[in-house]
Every structure is written in C-alpha cells, then in structure tokens.
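Encoded as structure tokens, the structure appears first; notes follow it.
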Amino acid sequence: MARGKSAATPAGGVDAQKSTSPDVTPPSSPQPAHHHDGDASSDSETYSPRVDRSHPQLIPLPKAEGVGYPVTAEPLPDLPEYTWQEVARHNTPASCWVYIGTKVYDITPWLDRHPGGRQVLLLAAGRDCTDLFTSYHPFTELPGKMLAKFCVGQVCTTEFPQYQPDTGFYTELRKEVGEFFRENKLDSKDPTPGMVRLAGMMVACAVTFSLMIYSCTQEWSFAVQFLAALAFGMAQALPLFHMMHDASHCAIGHTEGWWAVVGRFTLDWFAGASMNSWHNQHILGHHVYTNVLGIDPDLPMAKTGSFRRVTHHQKWNAGYRLQHIYLLFLYGLSALKFRIEDVTDLLIFKKVGPIRMNDIDNREVLSQVLSKTFWLLWRFILPVFYFGVGAGRLLVLSLVVEFVTGYFLNFNFQISHISPLCEFTDGEQPAVPKEWAQSQLATTLDYAHDSPIVRFFNGALNFQSVHHLFPAVSQYHYPALAPIVKRVAAKHGVRFNYVGTLGEAFRLHLQHLYVLGVDHVLHSH
Ligand SMILES: [Zn+2]
C-alpha cells in the first residue's frame, strides 16, 4: 500500500520492511505526554518514548489531533523527547521553540539577535523548520553552528510528513550557487533592481487607476472604462509578482525593515490583502510542502469535496469532467477570495489550510485594520464620495480589475505546479519519499527561460525551480542561477522539468486538468 512504501528509503529512519506491512494500523489514541515541557534540563531517564520507531504502528492517523508523523532521522540518545504538539505550544515571543530534523531548539534568547529579525522567527515558532532553515540560510554553515547551543531535546513525532535527509544534491548546489555570488561579488538580495522597477510599476498603477476613475467622472464610453480597468488589473499584479513576492521571501534587502516596508506596502496597503496570511500560506505551506496533498495550501485540502481534481490521489467524480473549462474562469476569482480569506483565516480560523497561524500581537492587528481601511478608502470610498463615481459602475469595474489580477496571479502559480510533468505526494504517507530539494524540482515546471517578456510579466516565476530552491535570493538573479541548477541536477540524476514556451506550459496545464477530470472514463475499461 502506498502509505508504507513512501517511508521505505534507506535515507529515512523508518524501517523499510515493517513500513511496507499491509496490516498497518494507526495508533488508537495519543499517548500521554511525558514531562519535560519547558524543562530542558530534566533527567532524560525519567521519560519513555511515546512511539516505538521500530514498529509499524508508527504510521499516523493523518492530521488527527494528538497523533503525529514519524521523524525521518534516527533518534538521538540522551536527549529529552517531545511531541510536535509540545513544541507547537512554544510559539510566542515569551517561549519560541522550533525543530530542525530531529533536534528541538529553544531560540527565545536569539529572537532579538537574529540578523534576519524576530518576525520571521516568530512566524516559524513552534514548527518543523528543517527545510525552511536550510533554504533560508543556503550559503553559510554559521547559523547551524550558532544553533547548537540552543538545543533542548528531540522530537519523536512531527506535525507533517518529513522529507528524506539530503544525500548531497542540495549541499552541492548550495555550495556552487554560493560560490557564484562570491566569485562575481554579487549581492544575492540586492534591492536595487526591484526598487527601480517598483517606481515604474507604481506610476503605471497610478496612471491606469486614475484613468479608470477619470473616464467614469467624464462619462466616457464604457469601452474606455473597461480597458482602463483591464490595464489597472494588469498593473496591479506586477508589484505583487516582483517586490511583494521577493519581500515575503526575505529576498529584497538584508533586514526585516526592508521586507516589512516593501512587503506591507505592496500587499497590505496597496493591494488590500495580508502579508501575515500570505506568509502562512505561501512561505510555511506551499514552499515547504509543495504538491503534498492535504498540506500544501495551494492544493485541495482533502481527497474528496473539492471543486477541482489536480492529482490522482483525489477521488474522481463526474463533476470534474469540465474542470479544464470552468477552472479557467474560477482562477479569476482568486484575488477576491484571497482578500476575504486573509481576514477569516487571521481572525476566525487561525489557520491557512492545515497551517496553524501563530497569534499576532495588537500592533499587528492594528496594522491589518489600518491597511484594509486605507485600501477601502482609496479604492472605493474616495472615488464614490469625493469624485462622484457611481457605486454600481465602480463595483463592476473593480470586479474586472480583480478578475484580471487574480487570473494573472493564479494562472502563473498553477501552470508551474499543476502539470503532467509534476509529481504529487499523498500527504497521508508517513514521510515524503524524496529529499526536499529533489522534491522541489519534481513538483515544479520551468518554462520560457529565454523570454525576458515572460520573465517581466510573471516576476521570474518561469524560473520556478530556482525560486523554490533559493527562495531568499532576489528573482533578478534567477536567469544566472538556472544553468547551475540544471548542471548539478544532471550530475545527480535529478530531473529538471522544463518546456520552451509559456504556451506549451499552459497547454500542459490544460491537458492535466482534462486528464484528471475524465480520469474515471479513461481507466474504466
Ligand atoms: Zn514563492
């Protein structure tokens, strides 16, 4: 059965023979928590492991409360053990724990000394940071050495399935890319190209938005108003693809001041959405668990009950037959959906998909309220009450704007991962069968590397593989890094998914939706 097979790799800590047992059953209930919470100095002899790593009962109940997934590395002797839930409770500035691989770290004393600032650590607090840690410190071993003194124990279960440990591909790739930056004396987070473009893009947004409002006040033809709305919709997407995306990945400038100012300005104040929500969905969810069904928030959350079927791990039904048609329209609604979900996720559910959102402080709540209010003010209230634009007309044009922006954004995200060339993992497995970096390449499609136009209009997301492997590097370096990624991937026998044109990537996406939509018919004879 598929659940067992995934863990059966020599690199993982799960026993191959036992994990493939057909009679695997999940533990009936969580074992009582032991002892050591918050007390790293406790005597290690007083605890007993809650799960027996050598037993097939390790296979977890997916996402069931109180049950975890097995860690992929071997347990370490003489270190206190914690469940993922125990670590998850330490998710505040007063007590900030994370785990990386097997080891648990209390990084509370490091919050104000972290060169990347405390906000990113608080975002990561209480979580499995194994792959985040490496991908956000790709070119130096120093952070790993610094961490050692904060170790307080080890985890015996994890919240989500872990990847297999790196066997050399990512280590070599990080070394090569790091040398590229050192040899060429380049700043991997140079903010200059982004800031120059930001100025031009904001001018484009101001001009197109003003034209849309002005054409209404002058009662020009609806065709002109409509075209202005289309143009503003396109213009609105550009700073999101460029500076917002880079800022959310700490890839524009070296300090949290840069990331906060650029990221909040472009997403919260300009676009009326929420960086906090985006961080949880995109940084913690999508980028770590790419195409893992049930965990990647960009995928359907369950095997049934979604309006789209993107992987064979989902159950088929006849409702999916036309998804290659209706989804193309629904993509346009994503910007609206995102604007509503950021509020509901943040204030009501405290989750984005399965990703738990850590509590935000009053300052953050105030910032969200102010930025949303400001957005409503300049986008709707001022045009209607000051410039006298009809509310109904503005609503129609705004729907056009949001449809264009949403379509533009979502379409680009979708074709990079929802493709017949991309792999999907069933999130109910005890571990992801691949190493993280190799999985990033397997779940991602690159296209049209030679087209500067495509690169400009989608914020270099046609270099999606490079982006996933080096999320904290400025997108303006991706074209130079792609050949290095391809070379090292070829050397390690890792497939690099690539097609030459945007049109081909789009065609493959449609083909994938069609095949998944009619899957039952194709396989019924
Ligand atoms: Zn990203």
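For every residue, the table says whether it meets (1) within 13 Å of the ligand (Cβ to nearest atom); (2) in the same structural domain as H468 (by TED's automatic domain parsing); (3) not in a helix (DSSP H, G or I).
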site	(1), (2), (3)
A228	no, no, no
L238	no, no, no
H242	yes, no, no
A247	yes, no, no
C250	yes, no, yes
V261	no, no, no
request  = Return yes or no: is I252 surrounded by 18 or more Cβ atoms within 10 Å (Cβ to Cβ), touching a Pro at 6+ places or on another chain (Cβ under 9 Å) and farther than 28 Å from K350 by Cβ?
outcome  = yes
ask   = If only one of T108, T140, T134 is closer than 30 Å to A490 by Cβ and surrounded by fewer than 18 Cβ atoms within 10 Å (Cβ to Cβ), which one is it?
value = T140
query = Would you pick out the residues in the range 273-287 that are within 13 Å of the ligand (Cβ to nearest atom) and part of a loop (DSSP other than H, G, I, E, B)?
reply = H287
key: Output for the range 331-358, where each listed residue is among the acidic types (D, E) and touching a Lys or Arg at 6+ places or on another chain (Cβ under 8 Å)   = D345
inquiry  = Looking at the range 303-325 only, could you name the residues that are surrounded by 16 or more Cβ atoms within 10 Å (Cβ to Cβ) and part of a helix (DSSP H, G or I)?
reply    = Y320, Q323, H324
ask   = With (1) part of a helix (DSSP H, G or I); (2) surrounded by 21 or more Cβ atoms within 10 Å (Cβ to Cβ); (3) hydroxyl-bearing (S, T, Y) as the list, and S398 as the residue in question, which single condition is left unmet?
value = (2)
key: For V196: the one exception among (1) within 16 Å of the ligand (Cβ to nearest atom); (2) surrounded by fewer than 23 Cβ atoms within 10 Å (Cβ to Cβ)   = (1)
Cβ pairs under 6 Å, 6+ apart, first in the range 241-257 and within 16 Å of L121 (Cβ to Cβ), second within 11 Å of the ligand (Cβ to nearest atom) = S248/W278; H249/P471; H249/A472; C250/A472
ask   = If you take the residues of the range 419-458 that are among the small types (G, A, S) and farther than 24 Å from T167 by Cα, which of them is surrounded by the most Cβ atoms within 10 Å (Cβ to Cβ)?
value = S419
request  = Please verify whether the range 408-420 includes one or more residues that are more than 17 Å from the chain's Cα centre (by Cα), on the phi > 0 side of the Ramachandran plot and not in a helix (DSSP H, G or I).
outcome  = no
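The values are calculated or read from the model by the stated rules, or taken from the named source; none is laboratory data. Every value quoted in this text rests on a predicted model; they were computed, and no experiment measured them. With ideal geometry, Cβ positions are generated from the backbone for all residues, glycine too; neighbour counts draw on all protein chains shown.
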